[in-house]
1. Points 7 angstrom from Cα along the Cβ direction at I48 and E164: gap in nanometres?
2. Just the accessible area for D79, please: 1.4 Å probe, Å², rounded to the nearest 10?
3. Heavy atoms of the protein only, probe of 1.4 Å, neighbouring chains included. What is the accessible area of T21 in Å², nearest 10?
4. So how much slack lies between V83 and R212, counting 0.36 nm per residue of separation and subtracting their Cα-Cα distance, in nm?
5. Rank these residues by their accessible area, most exposed first, probe 1.4 Å: F134, F180, F190, F28.
6. Quick one: if you stick a label point 7 Å off each Cα along the C-beta vector at E192 and L30, how many nm between them?
7. Please list V92, V173, V215 from largest to smallest accessible area, probe radius 1.4 Å, with all protein chains kept in place.
Amino acid sequence: MKLREKKSLLDWALWVAFLHTLFPNLTFTLGWSIEQLGHWPTIAVSLIGGSLVYIFLYEEFSEKIDKTPIFAPIEKLKDLLGVSRETAGMLVLGTGVSIDSALFGLTFVATKATEGWSLTETYVAIGISGLTVFAVTFLTPQLFHLLAYMAKKLGMSMQEEVAESHFWADLMVFSVIGGFGALAFANVLFSEASILYSMLVSTIFWSLLFYRFRVELMTGECEDAAKVLSK
């Protein structure tokens with residue numbers, strides 16, 4: 001994916017944490033105000049979130065296999081806002097990944113999980129959740145950077161090996177992000193959606209696609225690896 005520079009990673013973590021605080025706050029406030037929720041808010045949130053995730057993944061995958069996407073909303077958003085493609089992609093993907101957090105606020109009201117809490121305590125709890133998301137989102141990739149550095153020190157810096165490691169890393173990223181999209185769609189179809197099943201379905205789906213286009217993907221990864229190793 002394109003979010004590999006530290007500044008981009010920080011921007012990404014801040015954006016996701018902000019949305020993970022904003023969305024549950026909005027839906028909790030709305031749910032508290034109307035006191036009745038029903039199933040339709042969950043369906044709407046899930047459809048929007050899942051669609052945004054797969055719009056992003058479709059456009060990214062098309063670029064990786066050197067194909068022109070049938071529709072490219074990220075490119076249009078880039079032109080509309082006058083920002084880089086990486087920033088436009090971050091806005092779309094971050095919103096898609098985070099929009100399920102809106103269900104957090106809905107759940108608070110629907111299950112009366114905050115019964116006995118003051119409004120201040122509830123909003124603080126949501127804020128703590130946002131800070132936790134920021135910490136996990138920002139720190140987890142640092143582990144992968146450390147592993148990559150250790151691999152390079154051990155001599156694993158040949159172009160083919162770097163390209164292959166990127167191939168498997170991208171497959172993992174697509175599977176995990178796609179799993180959140182699958183979970184969003186599962187929320188529409190089932191009363192109780194499982195993140196484990198959603199991740200499994202996503203992993204199978206993207207593994208088949210990566211295998212089908214393995215030649216195109218490895219060609220692109222080798223070109224990227226050559227650029228990285230030449231620096």
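1. About 4.5 nm, to one decimal.
2. 110
3. Surface open to solvent at T21 totals about 40 Å².
4. 43.1 nm
5. Solvent-accessible surface, decreasing: F190, F180, F134, F28.
6. 2.7
7. In descending accessible area the options line up as V215, V173, V92.
The values are calculated or read from the model by the stated rules, or taken from the named source; none is laboratory data. In this text the structure is predicted, and so the values were computed from the model without any measurement. Please note: Cβ atoms are built from the backbone with ideal geometry, for glycine as well, and neighbour counts cover all protein chains shown. For the accessible areas, the whole protein counts, side chains as well, though only heavy atoms, and no ligand, DNA or RNA atoms are used. Shrake-Rupley method; radii C 1.70, N 1.55, O 1.52, S 1.80 Å.
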